[in-house]
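Read-outs throughout are calculated quantities, based only on the coordinates presented, and are distinct from any laboratory measurement. Keep in mind it's a predicted model, so treat the numbers as computed, not measured. Counting neighbours? That spans all protein chains shown, and the Cβs are built from the backbone with ideal geometry, glycine included.
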Amino acid sequence: MSNDRPVSEIVPDLIRRFLASSSPTSHPLHTVARELDVLPVCEYDRVYGLNGKGQVVSFKAVPPYDLRIETSVFGRHVTLGYAVWHHPELDGLRPARPQAAQECAPCFGKGRFATSPNDPCPFCGGLAWWPPADWMKGDAA
Ligand SMILES: [Zn+2]
């Protein structure tokens, strides 16, 4: 999809839309999204999402939120995967697949499972590949 709008305009719109379409009782991440001004994207040990500038951030769902710019290669990879899966207008954030990429083993490089074709594979965020292993050496275990 071609889109000339900068991410710094698209993400704040998505945050507003998320807040307008949910409430603290209808969505467990509504309050944290409002208080941190972030777009929740996926949840693992922490919640991963995007801030208004389009940077990958992570935080806890309940206070203290411990908001931080996400630096792990894997955390950034799956977050951007989920983000572009659910928000096609963010396709400019799609990570470029490096030559040394590894096919995502759990989904056999499909980006999804046949049992839930509408959801991205949680191991690769729907991107169907993993960053080269040596890129992830600095990630916390
Ligand atoms: Zn996968």
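If I build a Gaussian network model for the chain, linking alpha-carbon pairs within less than 10 angstrom, which residue out of Glu35, Glu43, Glu89 has the largest mean-square fluctuation?
Of Glu35, Glu43, Glu89, the Gaussian network model singles out Glu35 as fluctuating most.
Roughly speaking, what is the centre-to-centre gap between region 124-141 and region 36-87 when only Cα atoms are used, to the nearest Å?
Spelled out, the Cα-based centre of one part sits 16 Å from the other.
Going by Cβ distance under 4.7 Å, what cysteines of the chain have no possible disulfide partner?
Here Cys42 come out as lacking a disulfide-compatible partner, given the Cβ-Cβ threshold of under 4.7 Å.
At what distance in nm do the modelled label points of Asn118 and Ala105 sit from each other, each positioned 7 Å from its Cα along Cα→Cβ?
According to this spin-label approximation, the distance is 3.1 nm.
Taking a temperature of 4 °C and a viscosity of 1.567 mPa s, what whole-number D in µm²/s does Stokes-Einstein yield for the chain with Rh from Kirkwood over alpha carbon pairs?
83
Relative contact order for region 18-141: what is it in percent, counting Cα pairs under 8 Å that are at least 6 residues apart?
For region 18-141, the relative contact order is 18 percent.
What are the residues whose amide H is under 5 Å from the amide H of Gly111, where those residues sit 5 or more places off or on another chain and H is modelled from the backbone?
Counting only residues 5 or more places away or on other chains, the set is Ala128.
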